[in-house]
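S.K.: Pasting a structure here, questions to come.
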Amino acid sequence: MNRDTPSVQPDPVETAAWFVAGQPGSADRLLGAHTWRANGDCAGCGVHRPTRWPCALVSIARRAEHINRERSRRPVPDTHRVPGALVGTAGTA
Ligand SMILES: [Zn+2]
């Protein structure tokens, strides 16, 4: 280990967002459950521990969506392509 390089404590929200981004549909499920209530609380965080909306999970899910949008803009490396698969024809009938 290089002692000249300070260790970095990862941001817990960023770390959780990357985890959620890697689970297909997770960000959508979180945003669908953790919605705004008329009293300003989060509907998904429950009545036993009221939390103001947007809660931490909404922030994590929004960040995960951003991560996945950025991922979808990048070209897929050749090593991840399925041999013989057609490229660029999705959505055409
Ligand atoms: Zn919530």
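Just so it is clear, none of the values below were taken in a lab; they were calculated from the coordinates. Predicted model only: the values in this text are computed from it and were never measured. In this analysis, Cβ positions are derived from the backbone assuming ideal geometry, glycine residues included, and neighbour counts consider all displayed protein chains.
S.K.: Which members of the range 23-53 meet the condition of being among the charged types (D, E, K, R) and not in a loop (DSSP other than H, G, I, E, B)? Spell out how you get there, then give the answer.
M.R.: Let us first name the residues in the range 23-53 that are among the charged types (D, E, K, R), namely 28-29, 37, 41, 49, 52.
Answer for the range 23-53, where residues must be among the charged types (D, E, K, R) and not in a loop (DSSP other than H, G, I, E, B): ASP28, ARG29, ASP41, ARG52.
S.K.: I would also like to ask the following. Which residues, counting only those in the range 14-36, are aliphatic (A, V, I, L, M) and under 10 Å from the mean Cα position of the chain (by Cα)?
M.R.: Listed by number, the residues that qualify are ALA16, ALA17, VAL20, ALA21, ALA27, LEU30.
S.K.: Further question on the same structure: Contact list please: Cβ distance under 8 Å, first residue in the range 35-60 and touching a residue at least 12 places away in the same chain (Cβ under 8 Å) and β-branched (Val, Ile, Thr), second residue within 7 Å of the ligand (Cβ to nearest atom) and not in a loop (DSSP other than H, G, I, E, B), pairs at least six apart or on different chains.
M.R.: If the second residue must be within 7 Å of the ligand (Cβ to nearest atom) and not in a loop (DSSP other than H, G, I, E, B), the pairs left are THR35/CYS42; VAL58/CYS42.
S.K.: Do we find that ASP4 is charged (D, E, K, R), without any contact (Cβ under 8 Å) to a residue 24 or more places away in the chain and loosely packed, with under 14 Cβ neighbours inside 10 Å in this structure? Show your work before the answer.
M.R.: Numbers: charged (D, E, K, R): yes; without any contact (Cβ under 8 Å) to a residue 24 or more places away in the chain: yes; loosely packed, with under 14 Cβ neighbours inside 10 Å: yes.
Considered against the rule, which asks whether it is charged (D, E, K, R), without any contact (Cβ under 8 Å) to a residue 24 or more places away in the chain and loosely packed, with under 14 Cβ neighbours inside 10 Å, ASP4 comes out as yes.
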